[in-house]
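Asks: Starting off with a structure, shown below.
Every number here is computed from the coordinates shown, using simple stated rules; none is lab data. Note that the coordinates shown come from a computational prediction; the quantities given were computed from them, not determined experimentally. Every residue, glycine among them, receives a Cβ derived from its backbone with ideal geometry; neighbour counts consider all protein chains shown.
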Amino acid sequence: MEQSHQLVISTFKANFDQDHPIVVCSPGRVNLIGEHTDYNMGFVLPAAINKGIYIAISKREDDVISLIAADLNKKHQTTLKDYKYSDDNWPNFILGVVDQLLKAGKHIRGFNAVISGDVPLGAGMSSSAALECAVAFALNHIFDLGLDKLSLVQKAQKAENEFVGLQCGIMDQFASVFGKQKHVIKLDCRSLEYEYVPFDLKGIKIVLFDSMVKHSLASSEYNVRRSQCEEGVSIIQQSYPEVKTLRDATIEMVETCLKDASADIYNRCKYVVEENDRLLNACEDLKRGDIEAFGQKMYDTHEGLSKLYEVSCPELDFIAANAKKESAILGARMMGGGFGGCVIALVKEPEVDQVVKRMKDLYFQKMNKGMNVYITQIEDGTRIL
Ligand code: GLA
């Protein structure tokens, strides 16, 4: 992380005639359990991690927005009047936030900014949410906009929904901003009430096995999943008008109302309703300190994501299946939107090195490609450095 911090400052000084940019860091996230539940208004259990996006930023007197992506060695320049969607992709996560602030009638001017980070892109650790949150936090600070943390989260999420075009839920942005060292966040995505649950498991590490499959398909298929859930809700509503989202549905409702719907709609809704229950039970496991039971639920989540929700891929299934055979791995599952990215696993600390080696070797033999592995720590959310 230190490297990205230094890089944004040195790149800023080398490119802009301003000496003292402020630097904001916004972390990536893991999610222990509760996948594809956020936009169904259910619960999630994420945490911010020790990998983040850094932005060095300073305001300008005119309306020019001058951006540098230090890791990509790319520049982008536009103005507050002329900004538009960029085929380069990376500027959109910044311009999307600008767009939200302007739509909300906030007074901002131009700015110079440099970004860098060590959250792997497209690996399911929410590099895009981290960037959006870093920008929202930084602009709020330099232009003294007076927005609270939740408003910044909501602006960052809407930037993704309206400018980038991914109909994501609120989990990633919420975790990035509200993260707390050694805690996971039990977030109710309907009421936005949240609780910090201690997650400082002695002798257990959170390990991410990166399949190296980039989830470029995610945007289109992700939005399809979201509309399939909405379609299921509209059928359930014919019998139960009080059901507004899948959060309000029970497994009995799914069984009775969706038995004649298409298999896709039935499977998607069944998964979401089961996953929401699973998360609530998993939180009870955590309270009792029963990490074995918690881990088993992670495997069950993987099964549901793979067979019912169909957002996994052969590489992720292979990693999760191998993890299950390792006695030192207490639980594992694909994490995030899917179609690639990482498997998150809880691994007994003394055996981490051997387990990682075996998992890497097996992956290479089967897939003929390498796998990155990240051993993560739970850290605080977005902050000024
Ligand atoms: C992506 C989205 C989140 C969430 C997850 C799946 O990370 O950005 O809002 O829906 O997928 O749980």
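Asks: Please work out the Cα convex hull volume for region 1-154 and give it in Å³ per residue.
Replies: With only Cα atoms used, region 1-154 gives 120 Å³ per residue.
Asks: For the residue pair Gln181 and Glu162, what label-to-label distance in nm results when each label sits 7 Å from Cα along the Cα-to-beta-carbon direction?
Replies: Computed distance between label sites Gln181 and Glu162 equals 3.7 nm.
Asks: For region 319-375, build the convex hull from the C-alpha positions and give me its volume per residue in Å³.
Replies: Cα convex hull per residue, to the nearest whole number: 81 Å³.
Asks: So, one more: Taking the Cα centre of the chain as origin, work out the dipole magnitude from +1 charges on Lys and Arg Cβ and -1 charges on Asp and Glu Cβ, in debye rounded to 20.
Replies: Computed about the Cα centre, the dipole is about 560 debye.
Asks: How big is the dipole moment of region 270-385 about its Cα centre under a simple scheme where the beta carbon of each Lys and Arg is +1, that of each Asp and Glu is -1, and everything else is neutral? Debye, nearest 20, please.
Replies: 320
Asks: Under the classification rounded if a/c is under 1.5, otherwise prolate if a/b is larger than b/c and oblate if not, where does region 268-357 fall, given a ≥ b ≥ c as square roots of the Cα gyration tensor eigenvalues?
Replies: It comes out oblate by the Cα gyration axes.
Asks: Region 110-151: Rg/Rh from Cα coordinates, Kirkwood Rh?
Replies: 1.03
Asks: Between Tyr196 and Glu284, what FRET efficiency comes out of the Förster formula 1/(1 + (r/R0)^6) with R0 = 22 Å and r the beta carbon distance, rounded to 0.05?
Replies: 0.85
Asks: Further question: How long are the three semi-axes of the equivalent ellipsoid for region 77-187, computed from the Cα gyration tensor as the root of 5 times each eigenvalue, in whole Å, largest first?
Replies: They are 22, 17, 13 Å, listed from largest to smallest.
Asks: Ok, one more. Against the longest alpha carbon principal axis of the chain, how many degrees, from 0 to 90 and to the nearest 10, is the axis of helix 2-15 turned?
Replies: 30
Asks: Next up: Give, in whole angstrom and from largest to smallest, the semi-axes √(5λ) of the equivalent ellipsoid of region 68-107, with λ running over the eigenvalues of the Cα gyration tensor.
Replies: Here the semi-axes work out to 21, 10, 9 Å.
Asks: Can you list residues whose amide H is under 5 Å from Ile378's amide H, if they're 5+ apart or on another chain and H is modeled 1.01 Å from N?
Replies: The answer is Lys182.
Asks: Would you kindly calculate the translational diffusion coefficient of region 126-217, applying Stokes-Einstein with the Kirkwood radius from alpha carbon pairs, for 10 °C and a viscosity of 1.306 mPa s, and quote it in µm² s⁻¹ without decimals?
Replies: Approximately 107 µm²/s, per Stokes-Einstein.
Asks: Taking 1 over the mean of 1/r across every pair of different Cα atoms in the chain, what Kirkwood radius in Å do you get?
Replies: 21.4
Asks: Separate question: Over 21 Å between Cα atoms: which of Lys214/Lys369; Lys259/Lys307; Lys51/Lys180; Lys74/Lys180 fall into that group?
Replies: Cα-Cα > 21 Å for Lys74/Lys180; rest within.
Asks: Work out the charge dipole of the chain with +1 on the Cβ of Lys and Arg and -1 on the Cβ of Asp and Glu about the Cα centre, then indicate which of Ser86, Gln377, Asn276 is farthest towards its positive end.
Replies: Farthest towards the positive end: Gln377.
Asks: Among Cys189, Ile57, Val8, whose Cα sits farthest toward the positive end of the charge dipole of the chain (+1 at Cβ of Lys/Arg, -1 at Cβ of Asp/Glu, about the Cα centre)?
Replies: Farthest towards the positive end: Val8.
Asks: Explain nothing, just the number: relative contact order of the chain, from Cα pairs under 8 Å at least 6 residues apart, as a whole percent.
Replies: 23
Asks: Put one equal scatterer on each alpha carbon of region 14-74, apply the Debye formula with no solvent term, and list log10 I(q)/I(0) at q = 0.24 1/Å to two decimals.
Replies: Those come out to -1.04, one per q.
Asks: Can you run phi through the Karplus equation (6.51, -1.76, 1.60; θ = phi - 60°) for region 264-278 and list ³J(HN,Hα) in whole Hz, with x for Gly and Pro?
Replies: Values, residue by residue: 4, 5, 4, 5, 4, 5, 4, 4, 5, 5, 5, 5, 5, 4, 4 Hz.
Asks: Not counting the cut sites, what is the longest span of the chain without GluC sites (Glu not before Pro) that DSSP labels loop and that have at most 14 other Cβ atoms within 10 Å?
Replies: Excluding the exposed sites themselves, the longest stretch runs over 243-385.
Asks: Looking at the chain, which longest stretch skips every one of the trypsin sites (Lys or Arg not before Pro) that is in a DSSP loop with at most 16 other Cβ atoms within 10 Å, leaving the sites themselves out?
Replies: Within the chain, the longest run free of exposed trypsin sites (Lys or Arg not before Pro) spans 260-368.
Asks: While we're on this one: Write down the radius of gyration of region 135-282 and its Dmax, each obtained from C-alpha positions, in Å.
Replies: According to the Cα coordinates of region 135-282, Rg and Dmax are 18.3, 55 Å.
Asks: Which whole-Hz ³J(HN,Hα) couplings does region 153-160 yield from phi under the Karplus relation 6.51 cos²θ - 1.76 cosθ + 1.60, θ = phi - 60°, glycine and proline marked x?
Replies: Karplus-based 3J(HN,Hα) across region 153-160 equals 4, 5, 5, 5, 5, 5, 4, 5 Hz.
Asks: Another one. For Ser327 and Gln6, calculate 0.36 nm times their separation in residues minus their Cα-Cα distance, and state this gained length in nm to one decimal.
Replies: Taking Ser327 through Gln6 to full extension adds about 111.5 nm, to one decimal.
Asks: Related question: List the residues, sorted by chain then number, that are 5 or more residues from Lys51 or on another chain and whose placed amide H is less than 5 Å from its amide H.
Replies: So Lys51 has HN proximity to Gly28.
Asks: Compute the long axis of helix 314-325 from its Cα atoms, compare it with the longest principal axis of the Cα atoms of the chain, and write down the angle in degrees, 0 to 90, nearest 10.
Replies: Taking the Cα atoms of the chain, the angle to 314-325 is about 60 degrees.
Asks: Further question: Kindly express, to the nearest 10 degrees and within the range 0 to 90, the angle between helix 291-303's C-alpha long axis and the longest C-alpha principal axis of the chain.
Replies: Taking Cα atoms only, the helix is inclined about 90 degrees.
Asks: If you put +1 on each Lys and Arg Cβ and -1 on each Asp and Glu Cβ, how big is the dipole of region 3-126 around its Cα centre, in Debye rounded to 20?
Replies: Result for region 3-126 is approximately 160 debye, rounded to the nearest 20.
Asks: Treating the Cα atoms of region 226-304 as identical point scatterers in vacuum, please give the log10 of the normalised Debye intensity I(q)/I(0) at q = 0.12, 0.18, 0.20, 0.26 Å⁻¹, two decimals.
Replies: -0.38, -0.72, -0.81, -1.11
Asks: If you take the square roots of the eigenvalues of the alpha-carbon gyration tensor of region 231-385 and sort them as a ≥ b ≥ c, do you get rounded (a/c under 1.5), prolate (a/b over b/c) or oblate?
Replies: Prolate is the answer for region 231-385, as a/c is 1.5 or above and a/b outweighs b/c.
Asks: In addition: Which of rounded, prolate, oblate describes region 179-245, given a ≥ b ≥ c as roots of the alpha-carbon gyration tensor eigenvalues and a/c under 1.5 marking rounded, otherwise prolate only if a/b is larger than b/c?
Replies: oblate
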